[in-house]
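K.L.:
Before I ask anything, let me first share the structure, which is written out below as structure tokens.
Values in this text are rule-based calculations from the coordinates and carry no lab data. Quick caveat: nothing in here was measured; it's all calculated off a predicted structure. Glycine gets a Cβ as well: all are built from the backbone with ideal geometry, and neighbour counts include every protein chain shown.
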Amino acid sequence: MRRLLIAWLVPLAAIAAVPSPAAGYALGAAVPWDRVRDDVARRALVERRFGSITPENELKMERLQPLQGAYAFASADALVAYAAAHGKRVRGHTLVWHQQHPAWLRSGLWTPAALRAALVDHVTTVAAHFRGRVDSWDVVNEPLDDDGTFRAGDAPWLPVLGPAYIETALRAARAADPDAKLFINEVAAEHKGPKLDALVRLAADLRARGVPLDGIGLQNHTDTAGYPDRARLIDTMRRFAALGLEVEITEMDVGTLRTPGSPADRLTRQADAYGEAAAACDEVRACTRLTVWGLSDRDSWRGAAERALPFDTALRPKPAWRALAGPAGA
Ligand code: XIL
């Protein structure tokens with residue numbers, strides 16, 4: 001009985017306590033389901049501190065379609081159900097990428113028609129499966145190289161289908177889930193340069209041709225040695241807002257290893273990096289969510305030594321968390 005009561009009360013308390021920055025954008029975290037599922041401390045962190053969850057790996061193609069046509073939704077479903085039970089929004093990451101796709105995709109000898117059918121099948125099946133449960137999708141992740149050309153990676157999408165794969169994926173996603181916001185997500189496009197220019201051109205072209213695109217995700221994986229400040233981010237965000245698009249910071253983390261100085265200095269600088277991003281999202285109305293890539297320094301894909309996240313290895317809030325969440329995050 002007590003357990004039952006707690007099971008009901010905890011989620012309610014958690015929803016009430018989630019910090020909501022004054023600006024009204026959501027604060028999210030990438031969640032590794034295998035580590036969160038059975039860990040009370042990590043669950044408490046998610047439930048108390050964040051309003052949105054991005055499955056860190058569970059929605060990637062290698063996980064969802066390990067064999068062609070054999071979809072495996074169990075762990076993604078469990079994570080999405082957990083999010084719903086605790087009133088969290090879910091960002092879908094990612095339908096099409098040049099990494100973490102299954103071996104059958106990489107090794108196949110594809111005709112354009114067969115690959116296009118496989119692309120549409122994957123996007124349609126996954127977006128339809130999560131319809132009403134995932135509010136936004138990174139339909140295409142990292143389509144560009146740093147020089148602004150389209151990126152092939154080790155996936156067949158670009159070599160076989162050309163850049164049109166992006167439009168194909170967006171149209172299939174819209175058809176499968178008309179209510180989800182559709183994003184292109186990109187890495188290292190925060191700063192001025194050919195990649196950002198190319199992303200703006202790509203977004204403008206898609207919009208002009210009526211291809212369904214609702215937003216741009218800026219990953220903002222960065223470093224205390226050189227992070228985009230508030231003015232930089234605002235400028236970048238406004239270029240997309242001017243096209244009628246939403247913008248999210250989708251994968252923020254701030255490595256600290258490369259900055260000289262004491263550990264405390266590094267954490268202060270890191271807090272500044274997070275604070276600048278929060279201020280930019282606050283300032284730009286089109287910025288609707290800021291997600292950090294992982295839960296704690298113990299969980300970061302960049303390794304614990306980088307201390308890249310707002311919670312330390314003991315899951316305690318760092319100065320970065322206060323900079324990010326403001327007084328509501330205390
Ligand atoms: C990373 C995950 O965090 C790792 O657990 C996984 O091994 C590799 O992928 N950009 C992205 C994310 O868009 O999907 C990546 O996530 C980090 C970089």
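K.L.:
Can you tell me, using C-alpha contacts under 8 Å and at least 6 residues apart, the relative contact order of the chain as a whole percent?
P.N.:
17
K.L.:
Let me check I've understood the local charge: for Phe73, count other residues with C-beta under 10 angstrom from its C-beta, Lys and Arg +1, Asp and Glu -1. What total comes out? Walk me through the numbers before you get to the answer.
P.N.:
Details: positive: Arg63; negative: Glu58, Asp77.
That sum, taken over residues with Cβ under 10 Å, equals -1.
K.L.:
If you place +1 on the Cβ of every Lys and Arg, -1 on the Cβ of every Asp and Glu, and leave all else neutral, what size is the dipole of the chain about its Cα centre, to the nearest 20 Debye?
P.N.:
740
K.L.:
Continuing with the same structure: Can you list the residues of region 256-288 with backbone N under 19 Å from a point 7 Å past the Cα of Trp301, pointing along Cα to Cβ?
P.N.:
From region 256-288, the list is 256-257.
K.L.:
Can I ask one more? Using label points projected 7 Å from each Cα along Cα→Cβ, tell me how many nm separate Asp39 and Glu283, to one decimal.
P.N.:
So the label points at Asp39 and Glu283 sit 3.5 nm apart.
K.L.:
Where the centre of each part is set by its Cα atoms, how far does region 104-124 sit from region 39-94, in angstrom?
P.N.:
Going from one Cα centre to the other spans 25 Å.
K.L.:
So for the pair Asp154, Ala175, with labels modelled 7 Å out along Cα→Cβ, what separation do we get in nm?
P.N.:
If labels sit at Asp154 and Ala175, their model points lie 3.1 nm apart.
K.L.:
Right, here's the next one. Going by how many other Cβ atoms sit within 10 Å of their own, how do Tyr165, Tyr82, Tyr274 line up, fewest first?
P.N.:
Ascending Cβ contact count within 10 Å gives the list Tyr82, Tyr165, Tyr274.
K.L.:
As an exercise, use a Förster radius of 30 Å and the Cβ-Cβ distance of Gln99 and Asp265 to find the FRET efficiency, rounded to the nearest 0.05.
P.N.:
0.30
K.L.:
For region 177-256 and region 269-330, what is the separation of their C-alpha centers, rounded to whole Å?
P.N.:
Taking the Cα centre of each part, region 177-256 and region 269-330 sit 18 Å apart.
K.L.:
Using Cα-Cα distances under 8 Å and only pairs 6 or more residues apart, what relative contact order does region 221-330 have, in percent?
P.N.:
29
K.L.:
So how much slack lies between Thr111 and Asp205, counting 0.36 nm per residue of separation and subtracting their Cα-Cα distance, in nm?
P.N.:
On the way: separation 94, 0.36 × 94 = 33.84 nm, distance 2.64 nm.
That pair, Thr111 and Asp205, stretches by 31.2 nm at full extension.
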